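Structure, as structure tokens:
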Amino acid sequence: MTGRHLVTRSTVADGLTALGIRPGATVIAHTSLSSFGYVVGAAHSVLLALRDTLGPRGTLVMPAFTPQLCHPATWRAPDLARAAADPRTAAQMPPFDPRRTPAARTMGVLPELLRTQPGTLRSHHPHVSFAAQGPRAQTIVREHPAAWRLAAHGPLGRLWDLDATVLLLGAPWHKATALHLAEYATAYRGRRHGLWAVPEPDGRGGSRWRNVPELLVWEGDFDTLGAAYETSGAPLADTHIGGAHCRALPLRDLVRFACRWLAEHRDLSRAVAPPGWRDVMDAGAPVPAGELGAAHTDPAAKEQTR
């Protein structure tokens, strides 16, 4: 291969500084390691650069999701249909252990690396946990209810409270997990909720399942939403680190913008619920899962979403 960008720990740190990341900040980072080019030291160098930039007073958060622990009813593969329908298959799902269950490979290399570092804490949701390292980590991951998993009563709400920064390091807009806060806060057209199965330890090394109320979230228009944010004049810093297009922006500004954008542009009224959901119904009423305070303020800024 020729023409690849060569990226070092200091290259990443300089890029983060150019994005306005300062010591003591709280950030939720989404990374695409392959987009940087050839990284000397691979993922570990990127993690060290993040820690170098944030310093000992800074807090780093990453999603450490585990979709591999979803109920077999969610499986789409036709050749697995018979096994998925057998209750013994679901019973043998390994229980979630915040200290040992690896983040899914689809999350990328960095979240799993962060999860395994000394001093990292992790929230307890069996499907959408967050790994956090730094002085605010305990505050962020301490409470993560099983129901309404990405709403304001969990880690994302604490990141809102802490005025966190969203970092997209080569990652596209649809990876910005904070955008789900806007889905819970906004009664857009076609918003629905239903019952979702979450696993709990059965005491014998397997899982029993409990249905909890949950919103049907969707990332399908997040790239379009993000592009609209970029052209709106809202706060955003961007730079390139190697071959990676990197962005930094205030979580609150992004979520406020997304609330307005979803209310005006999203319509999922004809969408079909994916496998694994039960008792799906309209969700026009507010979701009982925390509030974002000023999320819907500044109506004049609505023009920015057009």
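The values are calculated or read from the model by the stated rules, or taken from the named source; none is laboratory data. Keep in mind it's a predicted model, so treat the numbers as computed, not measured. Glycine also receives a Cβ, built like all others from the backbone with ideal geometry; neighbour counts cover every protein chain displayed. The area values use the complete protein model at the heavy-atom level, side chains included, leaving out ligands, DNA and RNA. Shrake-Rupley method; radii C 1.70, N 1.55, O 1.52, S 1.80 Å.
The condition of being in contact (Cβ under 8 Å) with a residue 60 or more places away in the chain, surrounded by fewer than 19 Cβ atoms within 10 Å (Cβ to Cβ), of a type in the set (Gly, Ala, Ser) and under 15 Å from Cys259 (Cα atoms) holds for Ala187. (1) within 17 Å of Thr165 (Cβ to Cβ); (2) of a type outside the set (Asp, Glu); (3) open to solvent by 40 Å² or more (accessible area, probe 1.4 Å): which one isn't true of Ala237, the others all being true? Against the list (1) within 17 Å of Thr165 (Cβ to Cβ); (2) of a type outside the set (Asp, Glu); (3) open to solvent by 40 Å² or more (accessible area, probe 1.4 Å), Ala237 comes up short only on (3).
For first residues located in the stretch 81-94 and under 19 Å from Arg210 (Cβ atoms), partners that are of a type in the set (Ser, Thr, Tyr) and not in a helix (DSSP H, G or I) and lie 6+ apart or on another chain with Cβ distances below 6 Å form the pairs Met93/Ser207.
In the stretch 102-125, the residues that are within 16 Å of Gln68 (Cα to Cα) and among the charged types (D, E, K, R) reach residues that are part of a loop (DSSP other than H, G, I, E, B) and open to solvent by 30 Å² or more (accessible area, probe 1.4 Å) with C-beta atoms within less than 9 angstrom, at least six apart or across chains, in these pairs: Glu112/Pro102.
I'm checking my understanding of the structure. Among residues of the stretch 59-73 that are open to solvent by less than 30 Å² (accessible area, probe 1.4 Å) and assigned to a helix (DSSP H, G or I), which one is nearest to Ala131 (Cα to Cα)? Among those residues, the one meeting the criterion is Leu69.
Looking at Gly220, Gly206, Gly170, Gly154, can you tell me which residue is among the small types (Gly, Ala, Ser), buried (at least 22 other Cβ atoms within 10 Å of the Cβ) and on the phi < 0 side of the Ramachandran plot?
Exactly one residue qualifies, and that residue is Gly154.
Filtered by the rule that a residue be within 22 Å of Ala152 (Cβ to Cβ), in contact (Cβ under 8 Å) with a residue 60 or more places away in the chain and part of a loop (DSSP other than H, G, I, E, B), the stretch 220-258 gives a lone residue, Ala234. The set of residues in the stretch 137-151 being open to solvent by less than 10 Å² (accessible area, probe 1.4 Å) and under 19 Å from Glu291 (Cα atoms) consists of Ile140, Val141, Leu150, Ala151. Could you say whether any residue in the stretch 3-16 is open to solvent by less than 50 Å² (accessible area, probe 1.4 Å) and acidic (Asp, Glu)? Among the residues of the stretch 3-16, not one is open to solvent by less than 50 Å² (accessible area, probe 1.4 Å) and acidic (Asp, Glu), which makes the answer no.
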